[in-house]
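For reference, the structure is listed below as structure tokens.
What follows is calculated from the coordinates using simple rules that are stated; it is not laboratory data. Owing to the predicted nature of the structure, the values given are computational and were not obtained by experimental measurement. Positions of Cβ are generated from backbone atoms using ideal geometry, with glycine treated the same way; all protein chains shown enter the neighbour counts.
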Amino acid sequence: MSPRTARFRSGPPSTPPASLLAAQKLAGALVLVGLLSGCGDDGGGDVVAFCEAVEDLRTDDPFEELQVASPGEMRDAFAALAAGVDRIADAAPDEVGTQADRYADAVDALRDELAGAGYDPTRVDQLDYGQAVAAYTEAAVSVDNAADALC
């Protein structure tokens, strides 16, 4: 587990400026930690599509080049992240469907928290944001484990 993941497992940062960086790094953790395993062809159509979707998101991290982002850049990056995770959930075979759906729901909840604050970290409700971070981290690890087993 990378230091980035360990940081987010303990909850969101307590100061608003750190929240912006946490949201950026959290989404990066999705790619770097939540989906570290590469996927291969094991013959199942849904499994192959799932593995390809995981690999695509892993290699095309929408937060990779963001250090400190404007609200518009955060909105766009979260939209790209949500699209990638939705693709994973749509392609997930039955044996990982629940985890993938929970993952998509967690990304949506985190995105909703930030969108509700106009992607302005000074306006994020820290308690709700912390709960969204925890749910996101748990779901990302679950999908990582599923991808590791299937791909």
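Between D46 and E65, residue separation times 0.36 nm minus the direct Cα-Cα distance comes to 3.7 nm.
Highest mean packing first, where packing is the average number of other Cβ atoms within 10 Å per residue, the peptides 129-141, 70-82 line up as 129-141, 70-82. Taking label points 7 Å from Cα along the Cα-to-Cβ direction, D94 and A79 give a separation of 3.7 nm.
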